[in-house]
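The values are calculated or read from the model by the stated rules, or taken from the named source; none is laboratory data. Note that the coordinates shown come from a computational prediction; the quantities given were computed from them, not determined experimentally. All Cβ positions, even for glycine, are placed from backbone atoms using ideal geometry, and neighbour counts span all protein chains on display. All accessible areas refer to the heavy atoms of the entire protein, side chains included, with ligands and DNA or RNA removed. Shrake-Rupley method; radii C 1.70, N 1.55, O 1.52, S 1.80 Å.
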Amino acid sequence: MNSNVENLPPQVLRLVYKEVSALAADPPEGIKIYPSEEDITELHTAIEGPEGTPYAGGVFRMRLVLGKDFPAAPPRGYFLTKIFHPNVGHKGEICVNVLKRDWKAELGLRHVLLTIKCLLIHPNPESALNEEAGRLLLEDYKEYASRAHLLTEIHAMGGTSGAPQEPADGPQPKKHAGDPNKRVAGAGLSANGVGTNNLSNSSSSGTSSSNTNIVAKKKTDKKRALRRL
């Protein structure tokens, strides 16, 4: 999705930056804020599933996009983590009144985030984007809750959690099997060991050769002495 930074007036960008900074410093309970330094018009968040709901224990990634007419027009909201909810479409689009006819410029992004979190507690089947979820909510809550919890377990918990990963402090070095310096030192010691063995072998070979020469010389001298007799 294209950025709207260039389409928004400077005064609006300043207000957005101020509000996003305040949200990041003091986020609503159960909501984490991940502002983008490159595009202030797109705000990524992670919402914890409220206790007592089928979404409890899950973490749901969500994105707010500020259009070129913001704040006259409401932001658009999308769940990035798959969720079974009457007011969330199959592509993650969110249907809630505060993002439509009830929007007012003075409401602000904090109010929007809190409203979306409340939507996990009190779904509205009358404005359902997911008709099956809306129908089950009205006709068979147990089945609705079971489906919603199942998708929460699959997509929003543990290793498959939709929670954004916080960046590390810096580039992480590749893991090596032990300290490279130690490996080099070990290699040096090994080389020295080999060298010592070679010297030892050379010394042994030299000694053996010397002994052989002495024995041969003695035999030669003995033969000469016998000839003289």
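Quick rundown of the values:
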read-out	value
Residue check for E29: part of a helix (DSSP H, G or I) and charged (D, E, K, R)	no
Cβ-Cβ under 7 Å pairs, at least 6 apart or on other chains, segment 1-21 side open to solvent by less than 100 Å² (accessible area, probe 1.4 Å), far side small (G, A, S) and not in a helix (DSSP H, G or I)	N4/G67
